[in-house]
Amino acid sequence: MKRIIALLLAVLCFVSVFSGCEKVDRNEKTTETTTLKAELPEIETSYNEKNRTMKTVYRNPDGEITSISVVTYNENKQIVKESTYDKDDNLVNMITYKYDENSNIIEQAVFNSEEKMEYMYKDYEYKKVKTDNGEKFIKIKHNRYDSEGKVDVVFKWEYDEDYNCTAMETYSTEGELLTRNDF
């Protein structure tokens, strides 16, 4: 009787261990995963009177400042500028934002340390849709412009029947698919 119980427990243990395993297709390509030990930076954040993040200071594990991020908001509580500085308070980059009357982003410009525009996102197209919670705007497409003001990439979004974003694609100006990200 003890042998039967021991055998039954061994079988149950075997089944429970392998029931959590996932079947793997041996022909599927895999990548090697490497885990690196890294110490996380220390983050110190300051807020304004409306509890909006205004300044974030990043420090390495030794306590030295590595970068500083400063965020500016408009009267509608929308981010209008994000600036990143190095430890010596020199500008690293800056991003500016503009919005339409429906609070949809219509322009995002990225500047380098010399405050020269590197690229800009604009020509946003939105579609107004009805949902269970009312109406909302979903982003359909927009363009990215290079530093010379020429379109270099076109972004397009796809949605399911509930208007959840399911994919984002990028295209060249000639219409060639460059990337596709499924969500």
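Just give me the residues in region 76-108 being acidic (D, E) and under 28 Å from I140 (Cβ atoms), in sequence order.
E82, D100, E101, E107
Among the residues that make up region 113-123, is at least one of them in contact with an Asp or Glu (Cβ under 6 Å, 6 or more places away or on another chain) and surrounded by 10 or more Cβ atoms within 10 Å (Cβ to Cβ)?
Within region 113-123, one or more residues are in contact with an Asp or Glu (Cβ under 6 Å, 6 or more places away or on another chain) and surrounded by 10 or more Cβ atoms within 10 Å (Cβ to Cβ).
Is it the case, given these coordinates, that T131 is more than 30 Å from Y47 (Cα to Cα), of a type in the set (V, I, T) and under 17 Å from the mean Cα position of the chain (by Cα)? Quick ask: steps written out before the conclusion?
Working: more than 30 Å from Y47 (Cα to Cα): yes; of a type in the set (V, I, T): yes; under 17 Å from the mean Cα position of the chain (by Cα): no.
Answer is no for this residue.
Here is a list: E118, E174. Which entry is out of contact with any His (no Cβ under 8 Å at 6 or more places or on another chain) and part of a strand (DSSP E or B)?
On inspection, the qualifying residue turns out to be E118.
On the given criteria, is D182 over 23 Å from I79 (Cα atoms), in contact with a strand residue (DSSP E or B) (Cβ under 7 Å, 6 or more places away or on another chain) and either exposed (fewer than 12 other Cβ atoms within 10 Å of the Cβ) or touching a residue at least 24 places away in the same chain (Cβ under 8 Å) (or both)?
yes
Out of curiosity, is N112 farther than 28 Å from D86 by Cβ, of a type in the set (S, T, N, Q) and free of Cβ contacts under 8 Å to residues at least 60 places away in the same chain? Explain how you work it out, then say what you get.
On the way: farther than 28 Å from D86 by Cβ: no; of a type in the set (S, T, N, Q): yes; free of Cβ contacts under 8 Å to residues at least 60 places away in the same chain: yes.
Criteria not met by N112.
FYI, it's all coordinate maths here, none of it is from the lab. If you're wondering where the values come from, they're calculated on a predicted model, not measured in any experiment. Quick reminder, even Gly has a Cβ in these numbers, built from the backbone with ideal geometry, and neighbours come from all protein chains shown.
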